[in-house]
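Here's the structure, in structure tokens; my notes come after.
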């Protein structure tokens with residue numbers, strides 16, 4: 001006799017699939033339920049919506065939600081709104097949110113977070129201000145860290161760091177994650193001096209201990225500003241607090257490698273050599289430093305070491321960097337070997353790699369190879385056209 005699933009066991013299985021992002025077995029449970037004729041109750045439908053949402057199938061989510069009809073509850077609305085937000089359906093997110101309000105449901109805070117995420121582009125930014133008014137009214141803009149994080153991101157993505165700072169300052173119960181988020185957003189938007197000042201403010205507050213994420217963010221700001229003095233101070237702080245890990249080490253290499261005329265490359269190499277594990281980011285940061293300061297031979301030696309001894313697979317940034325070294329040295333034999341590697345790994349169509357190939361071949365006067373490289377990227381940009389004009 002064939003197995004007929006029941007509601008309880010199916011619900012338990014689906015929740016397990018959700019936790020593990022297991023669409024294969026979750027889909028099998030769904031098909032078994034449909035073939036056995038078991039009615040999908042609200043709890044199971046909500047679980048299926050969540051499962052398909054985590055796996056990126058918004059159309060299936062909306063189909064399941066629509067089938068619920070009058071049986072949908074607040075969790076159903078939360079699941080479909082979150083699904084729309086997670087899958088980049090900003091307009092759908094806001095439309096569903098409005099329909100939920102019209103249906104008489106009061107949104108929970110995590111629904112606000114999904115809706116705020118949908119307001120992170122300029123088209124719907126004005127809606128974000130309406131949501132802000134709502135969360136200020138219910139007090140969650142002062143108490144709920146998830147809502148505050150969402151608001152900071154929304155304002156930062158719309159280049160309104162002043163409002164992001166106001167939301168942050170209004171939070172009564174700040175934590176390290178919030179400080180780190182704001183420091184990171186300031187750095188990403190080019191306000192590196194303000195990012196460093198914010199980190200110092202955090203230290204002076206005395207209530208919070210920066211973690212490795214905070215240090216990585218402020219070190220990235222130091223690298224962008226070219227402040228090796230601040231970088232050294234934060235390096236000493238990281239040693240003292242024992243927060244030097246892989247991301248912090250990569251950020252330190254970047255600080256030392258980008259500064260001046262290469263006088264701190266030895267410091268960058270020392271940080272690199274002390275790392276117990278090196279990844280593609282650390283190798284590439286050191287390579288970039290050597291190339292930036294004219295150490296093209298050292299960069300090539302390091303690249304070979306990375307391949308043969310490091311056991312790390314280069315990415316598009318690594319290849320773009322090492323191609324610059326080949327161009328500077330006019331070493332076309334090695335360049336063509338690297339080009340073969342790039343072709344093997346299917347990276348020729350990446351714009352940054354294509355641009356580096358064109359630059360390298362145009363510098364050597366190889367017209368045919370330059371044209372071939374120009375034909376690879378799906379979207380030619382100004383760098384591509386400039387390289388072609390040089391041939």
Helix 316-329 versus the longest principal axis of the chain: what is the Cα-based angle in degrees, 0 to 90, to the nearest 10? 10 degrees
If the convex hull is drawn through the Cα atoms of the stretch 174-277, its volume per residue in Å³: 87 Å³
Can you give the extra length, in nm with one decimal, that the chain gains between residue 204 and residue 279 once fully stretched, where that is 0.36 nm per residue apart less the Cα-Cα distance? 23.7 nm
Degrees separating the helix 228-241 axis from the principal Cα axis of the chain, which is the longest one: 60 degrees
With viscosity set to 0.692 mPa s and temperature to 37 °C, compute the Stokes-Einstein D of the stretch 1-84, Rh being the Kirkwood radius across alpha carbon pairs; µm²/s, no decimals. 260 µm²/s
Which whole-percent values make up P(r) of the stretch 13-144 when all C-alpha to C-alpha distances are grouped in 5 Å steps starting at zero? 2, 11, 20, 22, 18, 12, 10, 4, 2, 1
Kirkwood Rh over alpha-carbon pairs of the stretch 164-214, then Stokes-Einstein at 10 °C and 1.306 mPa s: what D in µm² s⁻¹, rounded to an integer? 144 µm²/s
Going by average Cβ neighbours within 10 Å, how do the peptides 31-37, 115-121, 278-284 rank, with the highest at the top? 115-121, 278-284, 31-37
log10 I(q)/I(0), Debye, Cα-only the stretch 107-173, no solvent, q = 0.26, 0.29 Å⁻¹? -1.17, -1.44
Per the chain, sqrt(5λ) over the Cα gyration tensor eigenvalues, sorted largest first, in Å, gives 45, 30, 21
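Read-outs throughout are calculated quantities, based only on the coordinates presented, and are distinct from any laboratory measurement. Everything numeric here is computed off the predicted structure, so don't read it as measured data. Virtual Cβ from ideal backbone geometry, glycine too; neighbours counted across all protein chains shown.
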